[in-house]
There are 2 protein chains.
Amino acid sequence: MVHYQARLDATFAALSDVTRRGVLEQLGGSDASITDLAQRFHMTLTGMKKHVSVLEQAGLVITEKVGRVRTCKLGSRRLEEEAAWIEQHRQLWSARFDALDELVEQLKRKEKADAKRKRR
Amino acid sequence: MVHYQARLDATFAALSDVTRRGVLEQLGGSDASITDLAQRFHMTLTGMKKHVSVLEQAGLVITEKVGRVRTCKLGSRRLEEEAAWIEQHRQLWSARFDALDELVEQLKRKEKADAKRKRR
DNA sequence: CATACAGTGAACCATATGGTTCACTATCAG
DNA sequence: CTGATAGTGAACCATATGGTTCACTGTATG
């Protein structure tokens, strides 16, 4: 569990930049090259390359270079640890303030509905 | 929704430091003064004050100074947005992997069919 | 009053971050 | 072969971060 804290550090840091969150959303739609991403976020190739490296370091993105183009796609890490950490502390909050959280209930219902839909 | 991104920035940045996550966990147990926290995390008062300020800025901690001691406790924000963001992207990840599974299944079925056809 | 204690703010330091330009390599297309 | 294209790495820059020390204010307390 030595790496656990460092990993949380890296992931939360990766997520703390609006451009990088945008890249993740973009890659959620479809894979993209560095050039694609650089254009979409109005940035130099070099700048985007750095962001992608940060995301790759955090395990959130995988890249592969074939020919001269490097293709980026979502990584295999699924933010379970981060979700768990936040959930744990959301519960702490809730316990302390003893208030019910409508949004999460909505999310849960939505999840269930999604799951149901997927199952059919 | 202009503030939305800035808030995510601030919160994820606040969570990206191991000391600050520690402080949140500590405050989950009980309220504490700056001195308490500084001692527990082997840091100067000034250093801890900065961390607390960052957490307060992100709305994760509330402080109140009475007499000469400033008491820190968990704030009213409960990480709903961050949980929602992560959950949303966990689902994206999942969706992509489901799609991949489906593709593999299709390939398998196709292979079987091909094999059958060849055998005849 | 005198002294100790809790916190604060300014200044400083080293390192990290987010971005650029520029020079370069490697690959693709004609 | 020639040019254009995609990416890379080094150097640079401004600002942010995580920490310190030091001087200071305000509050308790003997």
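Per-structure values
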| read-out | value |
| --- | --- |
| Mean Cβ neighbour count within 10 Å, used as a protection proxy, ranking A:52-65, B:56-69 highest first | A:52-65, B:56-69 |
| Chain pair B, A: total accessible area buried, heavy atoms, 1.4 Å probe, Å² | 3700 Å² |
| Inter-chain Cβ neighbour average for residues B:26-35, partner chain, 10 Å | 1 |
| The range B:1-88, accessible area per residue, ligands and nucleic acids excluded (1.4 Å, Å²) | 51 Å² |
| Cut-off under 5 Å, modelled amide H: who pairs with A:Ser33 long-range | A:Cys72 |
| Peptide B:13-25, shielding by other chains (average Cβ, 10 Å cutoff) | 4 |
| Teacher prompt: B:Thr19 distances to equivalent labels in other copies, 7 Å Cα→Cβ, nm | 2.8 |
| Label distances, nm, A:His42 versus same residue in remaining copies, Cβ-directed 7 Å point | 4.6 |
| Apportionment of accessible area to carbon and sulfur, the range A:4-78, percent (1.4 Å) | 48 percent |
| For the range A:20-96, the fraction of alpha-carbon pairs in successive 5 Å shells from zero, as % | 3, 15, 23, 21, 12, 8, 8, 5, 3, 1, 0, 0 |
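The values are calculated or read from the model by the stated rules, or taken from the named source; none is laboratory data. Just so it is clear, the model here is predicted, and its values are computed rather than measured. Reconstructed Cβ throughout: ideal geometry from the backbone, glycine too, with neighbour counts over all protein chains shown. These accessible areas exclude ligands, DNA and RNA; they are computed on the full protein's heavy atoms, side chains included. Shrake-Rupley method; radii C 1.70, N 1.55, O 1.52, S 1.80 Å.
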